[in-house]
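Asks: Can you read through this structure? Questions will come right after.
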Amino acid sequence: MKTLVSLSQLYIGIFVLSPNLHPGGSPALMRLGSLLMASALAFQVWLSVAKPLGRTPWARPGKLPTAPTWTFAACLAIPATDYFLGEVLFDSPVPAVSLLTVLFFPLWRHASLSKRAARSQALSR
């Protein structure tokens with residue numbers, strides 16, 4: 001189901017948004033296409049969390065633990081910060097904070113998990 005939604009987003013982007021990216025494009029059609037894509041993304045997130053069709057056969061049994069609250073806040077704050085900074089500083093959206101997050105969060109997570117593993121090994125000795 002998520003694949004179908006992803007493909008529909010791709011084609012909405014190609015056929016609706018692409019022709020309107022130039023200065024003479026229709027702002028109303030651009031807003032409508034953006035709204036449709038944001039709605040499809042929200043639907044994908046709902047599918048991932050609610051799992052109305054059930055879990056896939058290759059999923060591990062049991063429920064995964066809930067992420068900390070700060071991760072939810074970061075997921076909301078990072079795109080909002082990008083939009084705000086892009087509008088204020090560059091006069092157009094620039095995903096700088098998102099790019100920095102994608103580049104540096106995995107490194108930070110690896111380092112913190114390595115520290116945690118080293119600490120637990122030291123305690124078990």
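The values are calculated or read from the model by the stated rules, or taken from the named source; none is laboratory data. What you see is a predicted model, and the numbers here were worked out from it, not measured in a lab. Because the Cβ atoms are built from the backbone with ideal geometry, glycine has one as well, and the counts that use them run over all protein chains shown. These accessible areas exclude ligands, DNA and RNA; they are computed on the full protein's heavy atoms, side chains included. Shrake-Rupley method; radii C 1.70, N 1.55, O 1.52, S 1.80 Å.
Asks: What are the pairs, 6+ residues apart or on separate chains, where a residue within the range 87-106 that is under 16 Å from Thr71 (Cα atoms) and in a helix (DSSP H, G or I) has its Cβ under 6 Å from a residue that is at pLDDT 85 or above and not aliphatic (A, V, I, L, M)?
Replies: Final answer for the pair search is Val97/Thr81; Val97/Asp82; Ser98/Asp82.
Asks: Out of the residues in the range 18-39 that are open to solvent by 80 Å² or more (accessible area, probe 1.4 Å) and at pLDDT below 75, which is farthest from the chain's Cα centre (by Cα)?
Replies: Applying the filter and picking the extreme gives His22.
Asks: Can you find a residue in the range 103-112 that is within 29 Å of Tyr11 (Cβ to Cβ), surrounded by 10 or more Cβ atoms within 10 Å (Cβ to Cβ) and under 18 Å from the mean Cα position of the chain (by Cα)?
Replies: No - not one qualifying residue is present in the range 103-112.
Asks: Inspect all residues belonging to the range 5-14 and state whether any of them is open to solvent by 70 Å² or more (accessible area, probe 1.4 Å), without any contact (Cβ under 8 Å) to a residue 40 or more places away in the chain and of a type in the set (S, T, N, Q).
Replies: No, because not a single residue in the range 5-14 is open to solvent by 70 Å² or more (accessible area, probe 1.4 Å), without any contact (Cβ under 8 Å) to a residue 40 or more places away in the chain and of a type in the set (S, T, N, Q).
Asks: Scan the range 49-59 and give yes if some residue there is at pLDDT below 85 and in a helix (DSSP H, G or I), otherwise no.
Replies: Yes.
Asks: Which residues, taken from the range 15-32, are assigned to a helix (DSSP H, G or I) and free of Cβ contacts under 8 Å to residues at least 12 places away in the same chain?
Replies: Phe15, Ser18, Pro19, Pro27, Ala28, Arg31
Asks: Condition first: β-branched (Val, Ile, Thr) and either within 20 Å of Val45 (Cα to Cα) or open to solvent by 70 Å² or more (accessible area, probe 1.4 Å) (or both). Now tell me which residues in the range 80-93 satisfy that.
Replies: Within the range 80-93, Val88 is the sole residue that qualifies.
Asks: Of the residues Ala117, Ala96, Ala122, Ala77, only one is surrounded by 11 or more Cβ atoms within 10 Å (Cβ to Cβ) and farther than 26 Å from Lys2 by Cα; which?
Replies: Ala96
Asks: On the given criteria, is Thr66 modelled with pLDDT of 80 or more, open to solvent by 90 Å² or more (accessible area, probe 1.4 Å) and among the hydroxyl-bearing types (Ser, Thr, Tyr)?
Replies: Considered against the rule, which asks whether it is modelled with pLDDT of 80 or more, open to solvent by 90 Å² or more (accessible area, probe 1.4 Å) and among the hydroxyl-bearing types (Ser, Thr, Tyr), Thr66 comes out as yes.
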